[in-house]
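Below is one structure, written out as structure tokens; comments come after it.
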Amino acid sequence: MFRRDPIPPAEAVEILLDGAPLTARRGDSVAVALLAAGVTRFRGSVVSGAPRAPYCLMGSCFDCLVTIDGAPNRQACLVTVAPGMRIERQSGAPQLLPEAGA
């Protein structure tokens, strides 16, 4: 679906998607890194669980929400990858506020 342009690859960084290692380019957004790795499902919709993936790639559609380093509902298109970043696909609506007493 997406192909890299012929520009020589930038420095590679390793990130984790659902615990599995992926190689990304330093400077990529999380969304671009995942799409370039062939990932087509970023989350399941809140209503039906249907697969969702980035649509606008500029922060308007919220279809690229993922959990990054334990923080849910991060827009993958607006976050730059960092070495060792832990990304998890979301399913449904993650809790927005910490539980009382947690």
Residues of the range 52-81 satisfying the condition of being more than 16 Å from Ala37 (Cβ to Cβ), touching a strand residue (DSSP E or B) at 6+ places or on another chain (Cβ under 8 Å) and not aromatic (Phe, Trp, Tyr): Arg52, Gly59, Asp63, Leu65, Thr67, Asp69, Gly70, Pro72, Asn73, Arg74, Gln75, Leu78
Which residue pairs have Cβ atoms closer than 7 Å, lie 6 or more positions apart in sequence or on different chains, and pair a first residue in the range 12-38 that is on the phi > 0 side of the Ramachandran plot with a second residue that is charged (D, E, K, R) and surrounded by 12 or more Cβ atoms within 10 Å (Cβ to Cβ)? Asp18/Glu88; Asp18/Arg89
Residues located in the range 86-98, provided they are within 12 Å of the chain's Cα centre (by Cα), open to solvent by less than 50 Å² (accessible area, probe 1.4 Å) and either among the basic types (Lys, Arg) or more than 13 Å from Ala31 (Cα to Cα) (or both): Gln90
Just for the range 19-77: of the residues that are part of a loop (DSSP other than H, G, I, E, B), exposed (fewer than 13 other Cβ atoms within 10 Å of the Cβ) and of a type in the set (A, V, I, L, M), which one is farthest from the chain's Cα centre (by Cα)? Val47
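The values are calculated or read from the model by the stated rules, or taken from the named source; none is laboratory data. For clarity, every value in this text was computed on a predicted model and none was experimentally measured. Neighbour counts run over all protein chains shown; Cβ positions are idealised from the backbone, glycine included. Heads up: the accessible areas ignore ligands, DNA and RNA and are worked out on the full protein's heavy atoms, side chains in. Shrake-Rupley method; radii C 1.70, N 1.55, O 1.52, S 1.80 Å.
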